[in-house]
Structures are given as C-alpha cells and as structure tokens.
There are 4 protein chains.
Amino acid sequence: MVAERPDGIVVRGAKAHTTNAVFADEILALPTRAMGPEDRAYAVAFAVPANAPGVRFIASPRGFGATNPFDNPLSARRKTVESLTIFDDVFVPWERVFLNGEWAAAGLLAKTFVEFHRFTAISYKPPQIELLLGAAALLAEYNGIAGAGHVRDKVAQLVMYLDTVRGLTRAAAQQCRVREGIAVPDVALTNAAKYYFAWHYHEMARAVQDIAGGLVVTGPMAEDWLNPAVRADMERFLGGARGSGAEERLRAMNLVRDLTASDLGGYLEVLAIHAEGSLETQKLTVLMDADLEPYKAFAKRVAGITTGAPARARIPHG
Amino acid sequence: MVAERPDGIVVRGAKAHTTNAVFADEILALPTRAMGPEDRAYAVAFAVPANAPGVRFIASPRGFGATNPFDNPLSARRKTVESLTIFDDVFVPWERVFLNGEWAAAGLLAKTFVEFHRFTAISYKPPQIELLLGAAALLAEYNGIAGAGHVRDKVAQLVMYLDTVRGLTRAAAQQCRVREGIAVPDVALTNAAKYYFAWHYHEMARAVQDIAGGLVVTGPMAEDWLNPAVRADMERFLGGARGSGAEERLRAMNLVRDLTASDLGGYLEVLAIHAEGSLETQKLTVLMDADLEPYKAFAKRVAGITTGAPARARIPHG
Amino acid sequence: MVAERPDGIVVRGAKAHTTNAVFADEILALPTRAMGPEDRAYAVAFAVPANAPGVRFIASPRGFGATNPFDNPLSARRKTVESLTIFDDVFVPWERVFLNGEWAAAGLLAKTFVEFHRFTAISYKPPQIELLLGAAALLAEYNGIAGAGHVRDKVAQLVMYLDTVRGLTRAAAQQCRVREGIAVPDVALTNAAKYYFAWHYHEMARAVQDIAGGLVVTGPMAEDWLNPAVRADMERFLGGARGSGAEERLRAMNLVRDLTASDLGGYLEVLAIHAEGSLETQKLTVLMDADLEPYKAFAKRVAGITTGAPARARIPHG
Amino acid sequence: MVAERPDGIVVRGAKAHTTNAVFADEILALPTRAMGPEDRAYAVAFAVPANAPGVRFIASPRGFGATNPFDNPLSARRKTVESLTIFDDVFVPWERVFLNGEWAAAGLLAKTFVEFHRFTAISYKPPQIELLLGAAALLAEYNGIAGAGHVRDKVAQLVMYLDTVRGLTRAAAQQCRVREGIAVPDVALTNAAKYYFAWHYHEMARAVQDIAGGLVVTGPMAEDWLNPAVRADMERFLGGARGSGAEERLRAMNLVRDLTASDLGGYLEVLAIHAEGSLETQKLTVLMDADLEPYKAFAKRVAGITTGAPARARIPHG
C-alpha cells in the first residue's frame, strides 16, 4: 500500500509464480507470511479485476511450448501459464480491501491460505502419479520386461507411492477440524503428504525412465513418423513385445518423455518441490504445528527421568 | 500331518519366530502360503494347549538380556521372548482341527491372517516412533542443539515419519471393507504403511543417534553411576544444556542406546524389516492386490494409443 | 549377416541410441552381449563408411531443439544428435569384417568395449556436475540464501558428489591393469563410479532446483527480456541479493532450467541412467567381476565356521 | 591450564570418547577446534603418562560385554573400551607441553589431527564392510536365496559400497600433498569417503539383516546349542540350503547379529556416524576446503553472465 485515498488504497508491487492468473477474472492478493509493525505497508489483502488499470502480467508458458501431440501428448494439448503479476499503483476501492495495515492478522491469513492450498496440492497430485504408474506398467509390457525382478520392484514402489499420497490425503480430509462451519484438513497429515510426494518425486520419475529405456530420448520424432518411407523403417525395428507395434511403443515412450524428460517434465519436477510451498516450508509448518512436549514426557517417563516439568497430558491420538 | 487316527491327527514339524508363544495357553498353527495338491500333508490348521505332549519351545530372549534399568531402561524391565516351536508327533483331537489336507484353502487362510497381522504391526509401531521422537527432542535440548538447522530437520523428519505411519494406519482402518460382519482393513494402505515404516526405520534410528551423540555408546555405566566418588566426576563433566544434570542426560542417552544401539535396538531393527512379513512380501502383496489395468488404460488414453483392449472402467477412488 | 559373398558379407539390422553417429565418417558395429551357437548370424563386427549404400540414420535431436541462448544457454548452442542406425543389406568387404560368426568371441568383445565405454562415461560426467554445482552456488548467492543451513547442506552434497565421481574415476585409471600394452581401467571402480553417478543424479538435480527456486520455470522468457518496456518491469522486480541484477539472476535460472528442467534436462536424466549401460547392467557387471569367495571365507573364519571349503587366499587389496 | 609453575603447567578438564585410552602408556591432549584469545586457557597440548597423578579414566566397555563366542563371535573375543578421561589438576613438565596459550595455533593443530584421523577411519572401515559382505553372501547361500533378484541387488550394493570406500581411500592416499616430508591425504576425498561410509552404513546393515532373515534375533542361544537334547532339535529344523547344517547357519546368523543387531552392532552404528567427526563436521570440512569460485565462474561463462568478478583460474583437476 503506497497511498490511502478517501475511496480506497493504492497498491504497488509484484507477485511471482501466479499460476494461470492470466485466465482469471479477479486477482486476489494476500500476505505470504507473519508480519510485524514494520511490515504495516505490506499487510494488505484485496481483490481487483484482472483488467484494473496498473495490473500487468508477464506471462511465461514454460513447459508448454510443444505443439505436436505425437511427440508431446500432454503438453501439446493442455496448457498452464505462469506469470509475474505486477501491481503498478493499482487503485483498490474500500469494498475490495480486506486488510489494510492490520499486520497482526497477516500470519493467520497466510497460514490459513497455505493449509487449504497445500491440501489442494495433494489432491491434484494422485492423477499425475496414476499416469506415471500407468505409463510405467504399459512400457514394462511393451518392452517385454514386466516379469523382471527389478521392474516389479519399481512398479510396486510406484503403487505404494500412489497409495501413500492418496491415503494420507484422504486421512487429512477425514481427520479435519470443523472451524466455524468450515472443514479444515489436518495440517500434519497434509504437510506429511505434500513432503512425501515432493521428496520422492524425482526418484519416481527415475523409476519410470528406468523401465521405459533410452528410447525415451533417442526415438524418432513426429516428422519421421509422418513420412511413410521412414515410418516403414520404424515399424520394422521399433515394435515391442506382446504384439505391440512401433506406434503404441513410441506413443508410450513419448508420454514418458513428456511427463518426465521434457520442458513439461522439468516444469513438473520443479512444481513438485516448490509449488504450494517448498520442502523447507513443509518441515517448518510441521515443526510449528507439532507439540513435542507429550513425546518428551513419554521419553522421560520411560527413561526414568523425574526432574523437570511433570509429564503433560496424554499424547493426542487423533 | 503325519498320521490320521479315528479321534484326530498327529502333526510333526516346527515354526520359527513364534513371538511370546511361551506365555500362551493355546498354540494355533496355520499354513503360511498358498498350497498345491502336493502340499496336502502341510495343509493343516489346528489349536493345541501349550503343554500338549510333544509340544516343545526353544526359547530365545535375545534383545532382552539386560538387567539394569539405568543402563537399559526399556529392555531391563519389559521382556519379549521368541521361540522355535516344535511339534514332535503331537496329537490333535478332531474338534481342534480346522484344516486337514484342504490345500486349496491354505492360501486364503494365510492371506487373511496376514492382512490382520500386518495391520497389527502398523498399529503397535507408532508408540515406538513416539519414543524415538521424544528421546531425540529431549536430547536435542540437553545437548543444547535444538535450534541447529540439521537437528530441526531431523526432528521434522521424525514427526512426519510418525504422522505418516499413524495417518496411513488410521486410513487403512477407515477405508476397511466389511466382510461377513468383520471389518477388514484396506490391504493396499496397510502394506504401504508397513513398507514405509520398515524401509525408513534404520534411517530414523540414525537420525536419533545423530542428535544424541557419541556419548550414547561411550558414556559411563550403571556401576560407575552408583559409586559416589565416580558419580561426582560424572556430574562435574557430563551435565547438559538448559540446566540438565548428568543424570537426566545419561538416562536419556541410555534410552536412545537401549532403543537403537543395543541388543534390544538390534532386535527392533530386524523386527522392523522381518516381522509380519519382510519387505519383499509387502511388495508382493501390493502387486498382487493392485489392479494396474485402469492406470494402463489411463496412460493409453492420454498417450493417444487406440489399439489393444478398450479402456476399462474408471480408476477406483476409494 | 544375411549373406556371404566372395568379396565380403551383407548385413541387415538396426542399432538404436547411436549418439552422434550422423557426424561420423565411419560406423563401427559390434556385438552387445555374450552369444551362443544359435546367435552365429548376429556375431558380426565390422566398419563401414557412413555413406555406404544401405546405411540409413533416423536422426533424433530430442533435447536440443532450443534456439534462443538466453532461454537455453547450453542446448541452444551445443547439439547432440541421437539416431536409429539402419543397415539395410549393407555390403562389407572382407578387409572391414572383424568378426563373422565367431560367436564365442562376442562376449569378450562386448565386455571389452563396455569397460572402456563406461570409463568414458565417468570421465565426461564431472564437468556436468561442476556446472550443476556452480549454478547452485551462484543462485544460492543471487537468492540471498547461501548461509542457510539447508542450502549449505545441499551445496556440500554436490561437492561430495563431484569429489566422489572424480575420485573414483581417477582411482579406476590409477588402478588399471596393463593388458598387451593397453591400460584397462579397474572394472569394479568404473562400475561403482558409474552407478553412484547415475543413482544419485536425480537427487542432485532436485538439490539444484531446490536452491534455485520456482522462478526456474515461472520466470519470463527471452521475448519479454528483449522488449525494453517489459525488461524494465523485470529489472525492477526480479533482481537478486548482493547486488545481482535481474539479468544475472535470470540467466543463472535459465542455466538451471536448461540443465535440469527442460528437454535437455530430461535428456540428461535419461542419459544418466541408460547411457553406457543401465543401472541394472552396472550391478550385473559388478557381480560378474566380484569374487565373493574371499569375503565368505573371512566371514566363516570370524564366525567360527570350520566346515565347507577351506578359506581361500587373501582378499585382494588392489 | 589452571596454573603455571616454574617447572611446567597444571591442567584440569575432561575428554569424552577416548577410545582405548585405558590401554595406552601415554595420553596426548590437544585442542579440538579453532580458538580465539578468550580461549587462551584451553589452548593447551601436552602428553602425560597414563598413570600421572590426577589422571583418571571412567571406562565404558559398552558393546563388548558379550562372553560367549558362539552367540557373539566378534564381541566376545575382541574388546574395545571407551572412556571419559579426566585430568584433575594434572601437572605436566615443560618438556611435555607443546602448546600453552598460543590460541592462534589451535585451529591448525585440530585440523591437522582431523585430516589424519579421518583418513585412519576410512582405512579401517573396509575390513568391516568385507565382513558384512561376506556374511551376507554366506547367508544368501545358506538360506537358499542367492539367486533371487532382490538378494543379488543387495549383494551388488554391498560390493559397490566396499569398492567405493576402498577406492576413495586409495585415491585420497594417491592424491596426497607432501608437506615438509609428510604425505597428507587429500582432504576432499577423505571427507567424501568418510561421509559416504557413514551416511550409508545403516542401509547396508539393513541389507545384511534383510538377507539373513528373522532368525538373526529369534534363533536359539549358546546354552541350548550346548545341550545335546536341544541341539538335536536345532539340527533337525534349522539346517540350511546347499547342505549347510544348523551349526554353520546359526554361526553365520550370530555373526550378523553380533555385527549389526546387538550391543556391538549398535556401537558400530553410532561409531559410523560419530567417530572421527560427525556427519555435520564432514560437510563442514568439505565446504571449508572447497573453493567454489571456479565452479561459479564456469557456470557464469556458460550462462552468459558477464558481470561480476572475472572468471578465476581453471578448475583444479588434481
């Protein structure tokens, strides 16, 4: 907030990583962390139309530049656009100002947002894992290695990765607390799920790439596939096991490349660890929310330590 | 089963790893895997009193030989006894025979047992993790390093380890299927939880040892503590941060050693990966239970593969 | 080999993953594995000019399609081309035939090739790691987080990753065996280095992405940078710590994206685990080459086991 | 140093973790870290006979209390004793005082000691890994699972763990710098080897326990083995594959338990991560010794960053 007028406030600044903001009608802004009195000018929350004077977006379609669905079955058809959203002395009328200098409320607002935002994250990730799992299982077949010990091992890891993220997400929802009529997902489980997903994402991409094989990045491209003379060579040499033709096999390879070894794949890797808060923020939230006293009291009791504060109430199971 | 009599059967064989069987009144035996016609003689299930003629136990109190609660606060006070249970031509009357050669039922019996047994496992593990977490948090304080980045990191890992095992266990219970009036925990979540617990257990022990420090295995022993002259030296040099005396600190160290770096600690490590089925059996169960077809169909649809079987019904979400 | 003529042989088949073959004057082909009598027709080794009649390449510049050096500082300037190399009834005169049906020699030939090929791999990887490390260290500074515990931790991991790969590579060279005047690098160390590099590559990419931040995939692109009006916004909001301007910071981000989160980044990930042999082949080679008998004999001696074969000669130290 | 006399100094304090000091004739003390002027009193280095008046040891034979070589083949026969070494106003004559208040030399002295000490560590670890590998390979055979994919995988991991530690150790020696006639092992490689060994030690213990099976902690004990009646039962039911009798198998199991799942096993785990410096100190040393400037300059050059300090001299390859 740089100026206050009788009819509202004027804001100035920018926010990075505003996913799909360019498709939105309304832009909401709110604080991203706890604040002190010295942050008063930054303690603002408001909504403005996306075309309000002074609002600008520098859009970045990174990860989604592909145009041929044979080569990039996902990213050539579905688009996400990131942007740097700039507020260049944007006027916000009072009825759209939610916070204006009340710095003490900033932390709660930020945390409340994150609690839901991170739950969103773990809710939209399972389909992505399902696709990784499906592509790996498919290529294990096409490559004729579905029965190999190390392949079964990797598929089992992918299944458990999926089960764990989905299981924790559901548990976070089922163990919600209802605050003023709104169900708030369990914070510890939400963060544990997000961290687990993010921490292991690169390993899972590696498992899929391992099963798929080098052809993922050395295989011929769409232009060659569309040329009948070259396609004949590809059909002759690149067919797979169990009757899979070169087309099925290459399309499956291309899905793996698009998902894990391409501009989109890179976007998804960085998304895994940075979107909805980085790995460090998940650990921070977990520590902030965890009450370690009951566990310390439990350890003291078992260890026979009688000094210090008396053991606190029971460990909360639920 | 080596012989059938008019009034029952005679069984011969042995079962390893029968935890606490020596404290039981009745011994139940059942098949441990799917069987074929050639296994008919082994397809037996029965119950006998622990003192039936021919039943013998070779007991093994490994991990629980400690006697001084100062040195070994847990294992000196709580005991588990493993045994090799031998059936040396034991007679079992018909009313105690549940299976006698019906090999086709062996697999189902074994699997049903394991489904509950593995759920038992993940239900009794959280308190063990709570103790590891509590001991680590306590020693982080006593050692004056609770604020160090790497210590906070390890404590956060322990918290999420606990949350994840507990969260998945609860989810497995909440997403049970009721079969003939009995709630059967979700198999995928149960196995994912058990595998996750087991696979990461040694890393978690390492985190606790890392926070606790070398004194865990180099600290003075109970005999010295009980000697007033030596105790004075210990109190002079081994006190910790935040006013913790040598006694608190050594007792906490001893808890860590007992839990992670002792005969009991070793027992718990092996238990983590072998009890209620080894790591490999969890992966096996997961693959046996997982229906990969919907995921493959999903991958085919996204990859644009139209050959092969049509996409199956929706991925089961629940 | 499909036909033998008085003046040579005629070969038919294809080889995938032939890196940069399209730039070569001569194409060498040799067996890729041990063979039996039934593989006689495949037990061929030969050299042909790249433009010999019947030689065709289906080239695949995947990973190297970028054209703007601002966005992709590496892949827009340096190119690698993979190909499927096809031998469509190619005639090879006798003086260029090295193997023609001598199946018993195929295994040795393949293994000898791999021993050097894998050593090549670990020799060209360190500069790639140096670049990852340099980019991470640079962005730690530009992002103002070089002193944070978790950042220092990740930088230390990268340094040790580099030291370990480079150290093992050098050790493999220093502990070579000279066979007929040719220095053959130590097989065990070569494979251990390659496996270590490959197994941890994705984790290292994750560490670099973690330090660099989400801007790696959400930052504005070259077109915006070249537009003075937009560049002014970028310079205003995207500058970094320690006086680093938006340009330095974005260029460093772009290097990280190009290296780890792009078509090239994906190519490098798949290359890490599949080029010069997959993870499984490294384990296979290690087991094939390792003589476990001395270690078993050592274990037997310490365990007090006197039965079985007498302890073999000493463990070879070197 | 608490007092200076005409003929020497008087020292007071204690040192924890003094391995095998109780067997030594002479006790050497030196600073453990860099010091400032305020640490002058602690900046002492000296040697005293172990029986000098005022020198006391509180000995701790933790990990080595076992007495029966059947149950504990290693720890019942070989002993290490840790101690808290106390200097209770010990007089040290001048000819045995090496440092007395010269605080500026403390850091160099400590670092020099650590450089050699850590090299000692990685030199004595390989035989321990050889024993783990040998025991695992032996039990893979006795358990009849040597050909199973996951077992081969774990054995290959153990082989590479051994090769990597041994290879880096040798490389550290070969790439030494000679300072005043003394060969100083390469610091980066020494620390990378120590960290690699320590970080993966628990996983390797897990691999060995996984191959060995639950019998490691549930098997009968020496007392039963020595009882002919019970031994007959054991021989009947606990024999292994490939003709291995119960004795070989149990002795091999006992070796695994002694090494990885016992008081000794716990001692070795804590030793792995804390002896010769903790994991954190290795990372610290690595960062202290690493010159990141050449890598940053390399990254800047590739990224096209021309601002800031000019690229420094070449990356040191040696």
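The values are calculated or read from the model by the stated rules, or taken from the named source; none is laboratory data. The shown structure was predicted, so the numbers you read here are calculated from the model rather than taken from an experiment. Here Cβ is always computed from backbone atoms with ideal geometry, including for glycine, and neighbour counts include all displayed protein chains.
Taken over the range C:42-64, the criterion of being within 11 Å of chain A (Cβ to nearest Cβ) and over 20 Å from the mean Cα position of the chain (by Cα) is satisfied by C:Arg56, C:Phe57, C:Ile58.
Taking every residue in the range C:9-37 that is more than 14 Å from C:Pro53 (Cα to Cα) and pairing it with any residue that is hydroxyl-bearing (Ser, Thr, Tyr), at least 6 positions away or on another chain, the pairs with Cβ-Cβ distances below 6 Å are C:Lys15/C:Thr85; C:His17/A:Thr218; C:Thr18/C:Ser83; C:Thr18/C:Thr85; C:Ala21/C:Ser83; C:Ala21/C:Thr85; C:Val22/C:Ser83.
At least 3 residues being among the small types (Gly, Ala, Ser) is the threshold, and among the strands (runs of 3 or more DSSP E) wholly inside the range C:1-113 those reaching it are C:8-15. Among residues that are assigned to a helix (DSSP H, G or I) and at the interface with another protein chain (Cβ under 8 Å from one of its Cβ atoms), B:Tyr161 is not included. With respect to the conditions (1) closer than 30 Å to D:Ile305 by Cα; (2) modelled with pLDDT under 95, C:Leu138 falls short on a single one, namely (2). In the range A:216-303, counting only helices (runs of 4 or more DSSP H) that sit wholly within it, the ones holding 3 or more residues that are more than 10 Å from chain C (Cβ to nearest Cβ) and in contact (Cβ under 8 Å) with a residue 12 or more places away in the chain span A:246-260, A:279-289, A:293-303. Given the criteria in contact (Cβ under 8 Å) with a residue 60 or more places away in the chain, surrounded by 18 or more Cβ atoms within 10 Å (Cβ to Cβ) and of a type outside the set (Val, Ile, Thr), does B:Asn68 qualify? It is false that B:Asn68 is in contact (Cβ under 8 Å) with a residue 60 or more places away in the chain, surrounded by 18 or more Cβ atoms within 10 Å (Cβ to Cβ) and of a type outside the set (Val, Ile, Thr).
Residue-wise test of (1) charged (D, E, K, R); (2) within 30 Å of D:Leu189 (Cβ to Cβ); (3) crowded, with 19+ Cβ neighbours inside 10 Å; (4) not assigned by TED's automatic domain parsing to the domain that holds D:Phe113.
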{"residue": "D:Ala222", "(1), (2), (3), (4)": "no, no, no, no"}
{"residue": "D:Asn227", "(1), (2), (3), (4)": "no, no, no, no"}
{"residue": "D:Arg231", "(1), (2), (3), (4)": "yes, no, no, no"}
{"residue": "D:Ala241", "(1), (2), (3), (4)": "no, no, no, no"}
{"residue": "D:Asn254", "(1), (2), (3), (4)": "no, no, yes, no"}
{"residue": "D:Leu259", "(1), (2), (3), (4)": "no, yes, yes, no"}
{"residue": "D:Glu269", "(1), (2), (3), (4)": "yes, yes, yes, no"}
{"residue": "D:Gly277", "(1), (2), (3), (4)": "no, yes, yes, no"}
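It is to be established whether one or more residues within the range B:171-186 are within 22 Å of A:Asp186 (Cβ to Cβ), more than 14 Å from chain C (Cβ to nearest Cβ), among the polar types (S, T, N, Q) and under 19 Å from the mean Cα position of the chain (by Cα). No, the range B:171-186 has no match at all. All told, B:Lys296 meets the bar of being surrounded by 24 or more Cβ atoms within 10 Å (Cβ to Cβ) and not assigned by TED's automatic domain parsing to the domain that holds B:Pro126. Filtering the range D:129-141 for residues that are touching a strand residue (DSSP E or B) at 6+ places or on another chain (Cβ under 9 Å) and either within 25 Å of D:Gly265 (Cβ to Cβ) or in a helix (DSSP H, G or I) (or both) leaves an empty set. Being more than 20 Å from A:Ile145 (Cα to Cα) and more than 19 Å from the chain's Cα centre (by Cα) holds for only one residue in A:Ala241, A:Ala222, A:Ala198, A:Ala272, and it is A:Ala222. Whether any residue in the range B:138-148 is touching a Ser or Thr at 6+ places or on another chain (Cβ under 7 Å), closer than 24 Å to B:Glu280 by Cβ, crowded, with 23+ Cβ neighbours inside 10 Å and touching a residue at least 60 places away in the same chain (Cβ under 8 Å) is what I want to check. Within the range B:138-148 (the criterion being touching a Ser or Thr at 6+ places or on another chain (Cβ under 7 Å), closer than 24 Å to B:Glu280 by Cβ, crowded, with 23+ Cβ neighbours inside 10 Å and touching a residue at least 60 places away in the same chain (Cβ under 8 Å)), the answer is no, since none of the residues qualifies. Look through the range A:78-101, keep the residues that are of a type in the set (D, E, K, R) and at pLDDT 95 or above, and return whichever of them is nearest to the chain's Cα centre (by Cα). Applying the filter and picking the extreme gives A:Glu82. The residues of the range A:176-201 that are within 19 Å of A:Leu259 (Cβ to Cβ) and surrounded by fewer than 23 Cβ atoms within 10 Å (Cβ to Cβ), listed by number, are A:Trp199, A:His200.
Here B:Leu132 passes the criteria (1) at the interface with chain A (Cβ under 9 Å from one of its Cβ atoms); (2) out of contact with any Ser or Thr (no Cβ under 8 Å at 6 or more places or on another chain); (3) crowded, with 21+ Cβ neighbours inside 10 Å except the one numbered (2).
Taken together, the residues in the range A:151-174 that are under 15 Å from A:Phe116 (Cβ atoms) and of a type in the set (S, T, N, Q) amount to 1. Within the option set C:Ala156, C:Ala207, being in a helix (DSSP H, G or I), in contact (Cβ under 8 Å) with a residue 12 or more places away in the chain and crowded, with 18+ Cβ neighbours inside 10 Å holds for one residue only, C:Ala207. Here is a check on your reading of the model: is B:Tyr201 within 30 Å of B:Thr120 (Cα to Cα) and either more than 9 Å from chain D (Cβ to nearest Cβ) or without any contact (Cβ under 8 Å) to a residue 12 or more places away in the chain (or both)? In short, no. The residue that is nearest to D:Gln175 (Cα to Cα), among those in the range D:142-153 that are within 14 Å of chain A (Cβ to nearest Cβ) and assigned to a helix (DSSP H, G or I), is D:Asp153. When the residues of the range A:164-175 are filtered to those that are in contact (Cβ under 8 Å) with a residue 24 or more places away in the chain and outside any loop (DSSP other than H, G, I, E, B), which remaining residue is surrounded by the most Cβ atoms within 10 Å (Cβ to Cβ)? For the range A:164-175, the residue satisfying everything is A:Leu168.
Of A:Phe119, A:Phe87, A:Phe23, A:Phe46, which residue is loosely packed, with under 15 Cβ neighbours inside 10 Å, more than 30 Å from A:Leu226 (Cβ to Cβ) and not small (Gly, Ala, Ser)? Only one candidate qualifies: A:Phe23. Only a single item in (1) of a type in the set (A, V, I, L, M, F, W, C); (2) more than 20 Å from the chain's Cα centre (by Cα); (3) facing another protein chain (nearest Cβ under 8 Å) is not met by C:Leu189, and it is number (2). Go through the residues of the range B:185-195 one by one and say whether even a single one is assigned by TED's automatic domain parsing to the domain that holds B:Asp153, hydroxyl-bearing (Ser, Thr, Tyr), touching a residue at least 12 places away in the same chain (Cβ under 8 Å) and touching a Leu at 6+ places or on another chain (Cβ under 7 Å). Checked against the condition, which is being assigned by TED's automatic domain parsing to the domain that holds B:Asp153, hydroxyl-bearing (Ser, Thr, Tyr), touching a residue at least 12 places away in the same chain (Cβ under 8 Å) and touching a Leu at 6+ places or on another chain (Cβ under 7 Å), the range B:185-195 yields at least one hit. Among the residues of this structure, D:Phe113 does not count as one that is in the same structural domain as D:Phe23 (by TED's automatic domain parsing) and within 16 Å of D:Thr19 (Cα to Cα). Selection of the range A:111-147 for residues being touching a helix residue (DSSP H, G or I) at 6+ places or on another chain (Cβ under 6 Å), of a type in the set (A, V, I, L, M, F, W, C) and closer than 30 Å to A:Ala43 by Cα yields A:Phe119, A:Ala121, A:Ile122.
Between B:Arg231, B:Arg206, which is more than 22 Å from B:Leu132 (Cα to Cα) and modelled with pLDDT of 95 or more? The match here is B:Arg231.
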